[in-house]
Amino acid sequence: LSEKLSELKPAAEARIAALWSLANIATLIGLVGTVFGLITAFAAISGSNLSQAEKQALLTGGIAEAMYNTFFGLAIAVVCMIFHVILHSKSKAIQHDLDSTTERVFNLLTITSKQ
């Protein structure tokens with residue numbers, strides 16, 4: 001019984017750890033989008049053959065793109081982190097319950113085999 005439990009633990013922990021990795025990746029993708037949006041915004045300012053209104057439109061579009069990427073990257077990361085914390089704590093509680101149940105079963109079998 002203990003052997004079977006020790007086989008199941010790594011699989012559950014690996015799946016839960018994937019949420020934390022996804023949160024980190026989402027943050028980094030949001031950061032890349034933010035940098036790309038800011039590059040677009042600053043490139044709009046440096047365009048010499050554009051009118052002031054066109055520069056302003058490109059600048060605000062680039063800044064909006066940067067902010068959207070930041071927002072969605074962080075939103076995904078926060079949701080993944082919340083689920084990771086919830087699932088990790090539930091997983092630990094279940095593992096503790098299984099370990100204590102295994103211990104009880106082992107003790108019962110040991111006591112009955114001595115009699």
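Quick look at the numbers
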read-out: Residue satisfying condition, being closer than 30 Å to Leu109 by Cβ and surrounded by fewer than 13 Cβ atoms within 10 Å (Cβ to Cβ), within set Ala93, Ala53; value: Ala93
read-out: Test set (1) touching a residue at least 60 places away in the same chain (Cβ under 8 Å); (2) over 30 Å from Ile16 (Cβ atoms) - Leu87 fails condition number; value: (2)
read-out: Residue match in the range 56-70 (condition: within 24 Å of Phe83 (Cβ to Cβ), modelled with pLDDT of 90 or more and not polar (S, T, N, Q)); value: yes
read-out: Qualifying positions in the range 48-71 - among the polar types (S, T, N, Q) and assigned to a loop (DSSP other than H, G, I, E, B); value: Ser48, Asn49, Ser51
read-out: Pair list, Cβ under 8 Å, 6 or more apart: the range 58-83 residue of a type outside the set (Val, Ile, Thr), other residue not in a helix (DSSP H, G or I); value: Leu58/Gly47; Leu58/Leu50
read-out: Neighbours by Cβ (under 6 Å, 6+ apart or cross-chain): first from the range 98-109, in contact (Cβ under 8 Å) with a residue 24 or more places away in the chain; second surrounded by 10 or more Cβ atoms within 10 Å (Cβ to Cβ) and in a helix (DSSP H, G or I); value: Leu98/Leu5; Thr102/Ser2
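The values are calculated or read from the model by the stated rules, or taken from the named source; none is laboratory data. These numbers come from a predicted model, not from an experiment. Note that we place each Cβ from the backbone using ideal geometry, even for glycine, and neighbour counts take in every protein chain shown.
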